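What follows is one structure encoded as structure tokens, with my remarks underneath.
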Amino acid sequence: MVAVAKSTEPAEPPAGPDPAQPGRRRQPVQVRSRETVERILGAAAALIEEGGVDAVTTRAIAGRADVTAPSLYRFFADREQVLDALIEQHLERLSAFLAEAETGWTPSSVTEFVERELGCYAAYFQANRNAARLWLDGRVSPTVRAEVLRYNRRTARRLHGVAVAADLAPRRPICWSS
Amino acid sequence: MLVELGDRILDLAFRERRDPDPDVIGHGRIALTAYLAAALRLQANTARRRR
């Protein structure tokens, strides 16, 4: 009799929307599921890079990622949720990129402050073309628009912190974001 | 306001382009720097007047 190794991975929850958080996409638990989600996001990114945000449809993503439609719908209810996940991924990477670029840096002037910040964003978008298109053209999507708005508010607080620490701005904030 | 302006500059710089338009980035940098310097001056003046 052959002993079957018991998987140490947690069981994948059943398909469909997350009952605990209606409207939220289901998070992948198993390694294979995470790989599928990564493939789906990679396919969406490639489609955006080639044809812009309008080129992203669930059918196109599934075809490009070589997954079946039910596999895609297991994790994403629709195209909006894929775009939402992709922009979240980019915002995490962008934050890490900015944190690294700003480590040990204290701007000595307003000019240097603006030059460095604008340069960092331009460099990230240049290296991640699909992020630029999603960030700048994807605002027709309500989820992307909401994510951009939240991120811009966080950015305003972060920039104010950098400027205060460098003694370029007073503690009481001026209007950094709308 | 600064973040929204920066966002708009990046939008213009990358529109229909793979690499950012250096002229837009250059002018954007000037505009942001001028705005921030003026806003900080304005706030400093307001604080002085209140004192």
- Query: Roughly how many nanometres apart are two label points built 7 Å out from the Cα toward the Cβ at A:ALA123 and A:ARG93?
  - Reply: 1.6 nm
- Item | Distribution of pairwise C-alpha distances over the range B:2-50, 5 Å bins, in % | 5, 21, 22, 17, 11, 9, 7, 4, 3, 1
- Query: Roughly how crowded by other chains is peptide A:119-128, in terms of the mean Cβ count from those chains within 10 Å of each of its Cβ atoms?
  - Reply: 4
- Once the mean of 1/r over all distinct C-alpha pairs in the protein assembly as shown is inverted, the Kirkwood radius in Å reads 19.9 Å
- Item | Calculated FRET value between A:ASP66 and B:GLU16, using beta carbons and R₀ = 41 Å, to 0.05 | 0.85
- Query: By how many nm would the segment from B:ALA44 to B:GLU4 lengthen if fully extended, with 0.36 nm per residue of separation less the alpha-carbon distance?
  - Reply: 12.2 nm
- Query: By average Cβ neighbour count within 10 Å, what is the ranking of A:72-84, A:107-119 from highest down?
  - Reply: A:72-84, A:107-119
- Message: If you fit an axis through the alpha-carbon atoms of helix B:22-50 and take the longest principal axis of the Cα set of chain B, what angle between them do you get, 0 to 90°, nearest 10?
- Response: 10 degrees
- Computed [θ] at 222 nm, deg cm²/dmol, chain B (DSSP H ≥ 4; -39,500 (n - 2.57); rounded to nearest 500): -28500 deg cm²/dmol
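Taken together, the values in this text are just the output of simple stated rules run on the coordinates, not laboratory data. A quick note: this is a predicted structure, and the numbers were derived from the prediction, not measured. In this analysis, Cβ positions are derived from the backbone assuming ideal geometry, glycine residues included, and neighbour counts consider all displayed protein chains.
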